[in-house]
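See below for the structure under consideration.
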Amino acid sequence: MSGHTPNNKLKNTGMYKDIINIALAGNPNVGKSVIFNQLTGLSQTIGNWPGKTVERMEGHLDFLGYRFNIVDLPGIYSLSTYSLEEIVSREYIVSDDVDVIINVVDATNLERNLFFTFQLLELKVPLIIAINQMDILRRRNMEIDFKALENIFKLPVLPVVAVHGTGVHQLLEEAIEMVVFQHPHAHYNEKTRDEHDHHSHDYYRTEHIHDKVKVNSKVKNNFKFPELSKVLSFGKEVESCIGKLVLEINNNQLTSALIKYPPRFLAIKLLENDEEIKSSFKNNEIIKTADEFRNQLEDIHGEDVHTIISSEIYNKIHVISDKVLLIKPHKGKKKVRLADVFDHLTTHSILGYLILVAVLFGIYSFTFSFGGFFSGLIDELYTTWSEFIYNSFGEENLIVKIFWGGGLGGFLGGIGGVLV
Ligand SMILES: Nc1nc2c(ncn2[C@@H]2O[C@H](COP(=O)(O)OP(=O)(O)OP(=O)(O)O)[C@@H](O)[C@H]2O)c(=O)[nH]1
Ligand SMILES: [Mg+2]
């Protein structure tokens, strides 16, 4: 595949140019705008969402023969209707204006971020998960098992370091894959991630160009979604209520405001008492049934439906992050510094005190044994020299008396005494 030479003729004619619409979605402060800037550079326009006071950032780039229109959505924590940002995002994500959603996730805050991912999954939109800020995670000596995450979600999950521009263009390659195959996981059914990483850009120009389908609103409609019930179930009672509501929703004609949402998402939102969704339903019977179900569930669990559902999601996320978040072993043996060993031993809660006692005892016995040895030596020196001097000059010699008896002799005798 990578042996093909780029077909510049095809590339330059622009005859295969097609448009892929991308939205960047995720929690606040995860790096969406950095990815957006890396991709779109100076081609950005700022406006407002129609009829709303929420800022809309849009930009574009040409990449591998495609024109990518990219919208940087506001950072949000949920797809409920707590804020204008959430309403704008949710409506846009399910609209025909966008083909592929890139869910930007902060690697250092996996648990909180995946909560939003699970909500996006309920919207059944073509989704690519970008795990950003991998540099920070890796600096903490941690890694993510991307293969395991892809197998759980059956969706592409890619590492990104937005501030260095690492992995951002791979997101677009993945988007092309999705659009071409109209399958969220087409690629991974056949190949490993490693093989995928070695795809050159020529691969997209030459191999795929023949399969290329016209990108249009059908991408979403024809999309084959992974079976998510195995990934996340809200428990028997909640699932039974959702199932019954889904049947009722399917038997009803939905308004244009609702038609884009998957019935399961609508059922969950009805249970959660989402005012925006409720007000769009013409049929009051469905709302009444949902209200009854909500009361029943809250009686059984002793908690409100929001809490029941979100605690199921968090339980699941906990299991997932335990599985995919890896702590890297040190590469090779780290050099052990003697100072570190001393530091470690002397500050140890038990060993520290034992070492202190041993050191004090050591000083004590050193003073006595070394002091005794040294004073013995001086004593011996004094006696030998005294004998020699007295024998040589006589004990009564005045000079000997002054210099040896009073001065040097006294000095040596004094040191010996102190040491003893
Ligand atoms: N170290 C590191 N920092 C990053 C990375 N990506 C983003 N940041 C930093 O994270 C902060 C938030 O980035 P933004 O792009 O503004 O985040 P956002 O998702 O657009 O935030 P909202 O617009 O509030 O939703 C900035 O200070 C970035 O410099 C990354 O890959 N590595
Ligand atoms: Mg931003």
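Just one of the numbered conditions (1) surrounded by 10 or more Cβ atoms within 10 Å (Cβ to Cβ); (2) over 35 Å from the mean Cα position of the chain (by Cα); (3) at pLDDT 75 or above is not true of Phe374; which one?
Tallying (1) surrounded by 10 or more Cβ atoms within 10 Å (Cβ to Cβ); (2) over 35 Å from the mean Cα position of the chain (by Cα); (3) at pLDDT 75 or above, Phe374 fails exactly one: (3).
Go through the residues of the stretch 140-163 one by one and say whether even a single one is assigned by TED's automatic domain parsing to the domain that holds Leu114, within 16 Å of ligand 2 (Cβ to nearest atom) and farther than 27 Å from Lys316 by Cα.
Yes: one or more hits.
Would you mind listing the helices (runs of 4 or more DSSP H) fully within the stretch 236-354 where at least 2 residues are surrounded by 12 or more Cβ atoms within 10 Å (Cβ to Cβ) and of a type in the set (Ser, Thr, Tyr)?
Passing ranges, in order: 305-324.
Does Glu248 meet the test of being free of Cβ contacts under 8 Å to residues at least 12 places away in the same chain and at negative phi?
Judged against the criteria, Glu248 is not a match.
What strands (runs of 3 or more DSSP E) completely inside the stretch 22-134 contain at least 2 residues that are under 22 Å from the mean Cα position of the chain (by Cα) and surrounded by 19 or more Cβ atoms within 10 Å (Cβ to Cβ)?
Counting at least 2 such residues, we get 100-106, 127-132.
Taking the stretch 25-63, which residues are touching a residue at least 60 places away in the same chain (Cβ under 8 Å), of a type outside the set (Gly, Ala, Ser) and within 9 Å of ligand 2 (Cβ to nearest atom)?
Residues satisfying the conditions are Asn29, Val30, Lys32, Val34.
Looking at the stretch 167-179, which of its residues are over 16 Å from Leu39 (Cα atoms) and in contact (Cβ under 8 Å) with a residue 40 or more places away in the chain?
Met178, Val179
What are the pairs with Cβ atoms under 8 angstrom where one residue, in the stretch 141-166, is at pLDDT 95 or above and the other, located anywhere, is charged (D, E, K, R) and within 12 Å of ligand 1 (Cβ to nearest atom)? Sequence gap at least six, or different chains.
That search, which allows pairs on different chains as well, returns Val161/Asp135; Val163/Asp135; His164/Asp135.
The values are calculated or read from the model by the stated rules, or taken from the named source; none is laboratory data. From a predicted model like this one, the values you see are computed outputs, not experimental measurements. Cβ atoms come from the backbone with ideal geometry, glycine included; neighbour counts cover every protein chain shown.
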